[in-house]
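Beneath this line is the structure, given in structure tokens, with notes to follow.
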């Protein structure tokens, strides 16, 4: 091996990243033959997001026939400087940590609320009716007109993304049973079911 071999180390200087989780869960795959739960968690920079969105299909294709896989992504960017400090402290204390698990450990650290570089909130809106969705978003806007709201489709309804937090108590009481406040969380960005084999 030559001393100047390139190991494909990326350039330094990235300030923010996202947490990505690929997962096929037991609860989504009840009755699927030969199913075993799988997961892959890691962090990536914004420049790599499109690549990892495409890579998710490879993860889904590695499952068995009929298996459903999901891709989650943090709604808030994560601060690399804070992640780095948290990682250093962890490694000092965990002398026997298996370095082969570094990707998933970095994702776990980055997902901590202290590492968030933005203040967006997510509300899990468990309804397929757009008129209900728009009504709740209008109520949030009426409460605080500085909030920008957007909606993302999820497997069982929508996720409402709010640009910042607010006093949510009354609204969440009114929408109890349909809406759940998640705050800084992962959004189910994509989901795929591998086709069943033909009989």
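Readers should treat all values here as calculations from the given coordinates under stated rules, not as data from a laboratory. All values derive from a computational prediction rather than experimental measurement. Heads up, the Cβs are rebuilt from the backbone with ideal geometry, glycines too, and the neighbour counts pull from every protein chain shown.
Quick rundown of the values:
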item: Interatomic Cα distance distribution for the stretch 149-199, bins of 5 angstrom, percent; result: 4, 15, 23, 22, 13, 7, 5, 5, 4, 2, 1
item: Scattering curve values for the chain, log₁₀ I(q)/I(0), Debye with Cα scatterers, q = 0.10, 0.14 Å⁻¹; result: -0.54, -0.97
item: Candidates 180, 33, 154: whichever shows maximal mean-square fluctuation once the chain is modelled as a Gaussian network with Cα springs under 10 Å; result: 33
item: Equivalent-ellipsoid semi-axes of the stretch 121-185, from the Cα gyration tensor, Å, largest first; result: 16, 12, 12
item: Label-to-label distance, nm, for residues given as residue 65 and residue 138 (7 Å Cα→Cβ offset); result: 4.9
item: The stretch 13-118 - convex hull of the alpha-carbon atoms, volume per residue in Å³; result: 122
item: Translational diffusion coefficient (Stokes-Einstein; Kirkwood radius from C-alpha pairs) of the stretch 62-112 at 4 °C, 1.567 mPa s, in µm²/s; result: 99
item: Extension gain from residue 150 to residue 102, taking 0.36 nm per residue of separation minus the Cα-Cα distance; result: 13.9 nm
